[in-house]
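Chemist: First the structure, which I've put down as structure tokens, then a few questions once you've had a look.
Throughout, read-outs are computed from the coordinates displayed, never taken from laboratory work. Quantities reported herein were computed from a predicted structural model and do not represent experimental measurements. Methodologically, a virtual Cβ is constructed for each residue, glycine included, from the backbone with ideal geometry; neighbour enumeration extends over all protein chains shown.
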Amino acid sequence: MQGFHRQWGWMVFAIFIAGCSGSGNSGDPVGTSPPPAGTTDSGCTGSCANADSFLSVADVQKLIAQAVNEAQAQNQPATIAVVDRVGNVLGVYRMTGARSTVTISSGRGVQGGLENIAIIPSELAAISKAVTGAYLSSEGNAFSTRTASQIVQEHFNPGEFGGPSGPLFGTQFSQFLCSDVINLPAPVLAGLFAPGSNVGVGPKSAPLGLSADPGGFPLYKGGTPVGGVGVVADGNYGLDLNVSDRDRDVDELIATAASFGFGAPLDRRGDRITVDGKTFRYSDVDFADLSRNPAQAPSYASLPASSGAVLNLFAFSDGTIQPGVAFGTPASGIRADSTDYPGLDAFVLVDPQNQPRFAPKAGAEAGGISAIEARELVRAGLAVANHTRAQIRTPFGTQARVGVVVVDTEGSILAFARTRDAPMFGIDVAVQKARSAAFFSSDIAETELAALPDAVYLNADGTPSSTRVDFGDVVDATQTFFAEPNLFASGQGLRAGPYALTPRALGNVSRPFFPDGIRGTANGPLSKPFANWSPFSDGLQFDLVNNQIAQILSAYLAADTTPILELRPEFGNAGCTRNLRLRNGIQIFPGAVPIYRGNDLVGAIGVSGDGIDQDDMVAALGLKNAAATLNTGLRHASPEMRSDRLQPQGVRLRYVQCPQAPFLDSNEQSVCEGL
């Protein structure tokens, strides 16, 4: 009888929720994290995080118990991962009978890259989903892995032929363990865990990069994100090719149940945010779609040993459930700046001793960027962001929240800072963007790309395949496509190539259709043909990191620290690409410009965290304004060098693109004219 009453109570609850609105778009706040006291919505625009904003051990246990409850009802044993906002793995629980591996597939029959690899540990997939939910979200927006799926495909929206590619096309190849931006102490990499030592300063890694497979959500407490949850049950690690329907994805159902009580505020979810007149997707299911009431899930303490266990994971977790860290405190690795950027509400990355990781410093080149210049470039970018209207945040009229970085031509980070509450993913991505701009605008890109070892793809079982990518062939194909044999040759100044190539321009030629989105056309030279392309194998961007991803996967499966340490920056190694200038990979969506002193290339400024046009504008105006303040000769590339002078196949590339009337305190329209 007790079971009957419990089931009947859940049926009433589900009918009540379903009556409020359709599945996946419920207007009822049941299951969401309660807002701050005295507010009608989430009430948070970037300042709600405090020393109590973290997931406790009891919270993590509750999340896992709620997921287990729904997985049992679905008869789908699952692997459940919970992380905090900076990516610390707080616990990974594998239910008895759950799949130990997943197969990566876009569902289009594509071969190569990560496609069809069938030995991916399910716990790595679950962690990547959880990190994605945490890293894409903020107090102003809540994005899920389903949102990520929508914005990384060949069309936006997926399936809308003729539309351009997703606005964050390429962002999935970031946050890797080999990145010098990702913070993982060597003892943890070696599996030498002291109690709780796997939890510390971030950002931490998404082991498979950012995920597009539904089943990953951000977690909130009091209107501020405190982490993410990721679930793997169905054995397929893919994406949603069709956003015009609604799926009943078991991973998403279980993750929804897990998030009960920690759900994102309704008014911050992706389905309340638009880009180019299109609404993001957040979830295809809601609490009303669940088979059991998560509020009545048995406690974690009551779960029998036969139901599953918390995993001890090499390089990620010591097998115990840990509390998260409070974002914005030194323990998280991100705290308010107290020295270099006064009056800008800036935040900086710090090490375990609370010392800035990327305090302003001078570049290594003769005539390069000085420490004073690096600081002013970041300061100017932050100032632009602080009076820019955000694209991907609610409520309308809030400030853009981004990370701003300056690098030299060797790829070294000279300065980095963030505005308040910027999403975590933008840290690694801003650096990728800046390094891409500096590298491809230099006179060494051709030589250094051609010198890299071939990318060797894996078979489904993880053994090396016969498919290889020769980077010299990529260079040749690119020069042929442009009808420009000197595309990467020497320019007029030191270290400079003949053209200033921005990530926006690189993105123009990194899509499976050229021009972007036009079906039936050939691919750009840095992409694969559409028949061989997918978000798991997109061309040069993936090929540069392929060998290192394979090396990390092999090391993880063997619990062997040496191959991972060979890639880590703590030991002076070349990271994700085996090229120090691109040590965390490249990025192919907008938000960076190269920096010149006269005709000499001296570095780049990169920005990430808001809409792509906003990122572009903050970088472009940050350089312009800093140059005017400093009066030391720093500048944009001269107009005749810029990538918008290139017209491969008769199609003009872009240099930067800025939004119209972008400022909160000005009616100025065309703000990037006269760069």
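Chemist: Report the dimensions of region 291-448 along its three principal axes from the alpha-carbon atoms, largest first, rounded to Å.
Modeler: For region 291-448, the Cα spread along each principal axis is 66, 43, 33 Å.
Chemist: Still on this model: Along region 645-654, what does the Karplus equation 6.51 cos²θ - 1.76 cosθ + 1.60 (θ = phi - 60°) give for ³J(HN,Hα), rounded to whole Hz, x for Gly and Pro?
Modeler: Each residue of region 645-654 in turn: 8, 8, 9, x, 6, x, 10, 6, 7, 10 Hz.
Chemist: For Rg and Dmax of the Cα atoms in Å, pick the label among [x] 23.6, 84; [y] 26.7, 85; [z] 34.2, 105 that corresponds to the value derived from the coordinates.
Modeler: Evaluating Rg and Dmax of the Cα atoms in Å on these atoms matches [x].
Chemist: From the P(r) of region 282-323, could you give the percentage of C-alpha pairs in the tail past 11 Å?
Modeler: Of all Cα-Cα distances in region 282-323, 78 percent exceed 11 Å.
Chemist: Which aspartates and glutamates have a Cα less than 19 Å from the Cα of Lys221, not counting those fewer than 8 places away in the same chain?
Modeler: By straight Cα distance, Lys221 reaches Asp28, Asp41, Asp52, Asp59, Asp84, Glu139, Asp267, Asp286, Asp421.
Chemist: Something else now. Beyond 28 Å between alpha-carbons counts as too far, so tell me which of Lys433/Lys624; Lys204/Lys528; Lys278/Lys433 fall in that bin. Please list the in-between numbers first.
Modeler: On the way: Lys433/Lys624 18 Å; Lys204/Lys528 30 Å; Lys278/Lys433 25 Å.
As for pairs spanning more than 28 Å Cα to Cα, those are Lys204/Lys528.
Chemist: Give the residue list of chymotrypsin sites (Phe, Trp or Tyr not before Pro) in region 342-410 that are DSSP loop and have at most 12 other beta-carbon atoms within 10 angstrom.
Modeler: Qualifying residues, ordered by number: Phe396.
Chemist: Here is a follow-up. Using a cut-off of 18 Å between alpha-carbon atoms, which aspartates and glutamates can reach Lys361, once sequence neighbours fewer than 8 places away in the same chain are excluded?
Modeler: Asp180, Asp337, Asp340, Asp351, Glu373, Glu376, Asp408, Glu410
Chemist: Return the inverse of the average 1/r over all pairs of distinct C-alpha atoms in region 405-543, which is the Kirkwood hydrodynamic radius, in Å to one decimal.
Modeler: Kirkwood hydrodynamic radius for region 405-543: 16.6 Å.
Chemist: Would you kindly derive the ³J(HN,Hα) couplings of region 322-338 from the backbone phi angles with the Karplus curve 6.51 cos²θ - 1.76 cosθ + 1.60 (θ = phi - 60°), listing them in order in whole Hz, with x for Gly and Pro?
Modeler: Result, rounded to whole Hz: 10, x, x, 9, 7, 4, x, 9, x, 4, 7, x, 9, 9, 4, 6, 10.
Chemist: Moving on to the next point. Give me, ordered by chain and number, the residues 5 or more places off Gly517 or on other chains with an amide H under 5 Å from its own placed amide H.
Modeler: For Gly517, the qualifying residues are Ser165.
Chemist: Take the chain, mark every one of the GluC sites (Glu not before Pro) that falls in a DSSP loop and has at most 11 other Cβ within 10 Å, then report the longest stretch left between them, sites excluded.
Modeler: 1-667
Chemist: Quick one: which residues, 5+ away or cross-chain, put their amide H under 5 Å from the amide H of Gln153? H built at 1.01 Å from N.
Modeler: Residues meeting the amide H criterion: Gly166.
Chemist: Another question, if that's okay. Between Ser465 and residues 5 or more places away or on another chain, which pairs have amide H atoms under 5 Å apart, with H built 1.01 Å from N, and which residues are they?
Modeler: Long-range HN contacts for Ser465: Tyr457, Leu458, Asn459.
Chemist: Further question: For the chain, what is the calculated [θ] at 222 nm in deg cm²/dmol (nearest 500), taking -39500 (n - 2.57) for each run of four or more DSSP H residues and dividing by its residue count?
Modeler: -7500 deg cm²/dmol
Chemist: So what's region 98-157 giving for Cα Rg divided by 2.2 N^0.38 Å, two decimals?
Modeler: Values: Rg = 13.5 Å, N = 60, 2.2 N^0.38 = 10.4 Å.
Normalised Cα radius of gyration, region 98-157: 1.30.
Chemist: Now for a separate question. Quote the relative contact order of the chain in percent (integer), defining contacts as alpha-carbon pairs under 8 Å separated by 6+ residues.
Modeler: On the way: 1798 pairs, mean separation 112.0, N = 675.
Rounded, it is 17 percent for the chain.
Chemist: Another question about this same structure. Find the eigenvalues of the gyration tensor of the Cα atoms of region 336-413, then list the square roots of 5 times those eigenvalues as equivalent ellipsoid semi-axes, largest first, in whole angstrom. Don't skip to the end; give the middle numbers.
Modeler: Values: eigenvalues 129, 48, 25 Å².
Here the semi-axes work out to 25, 15, 11 Å.
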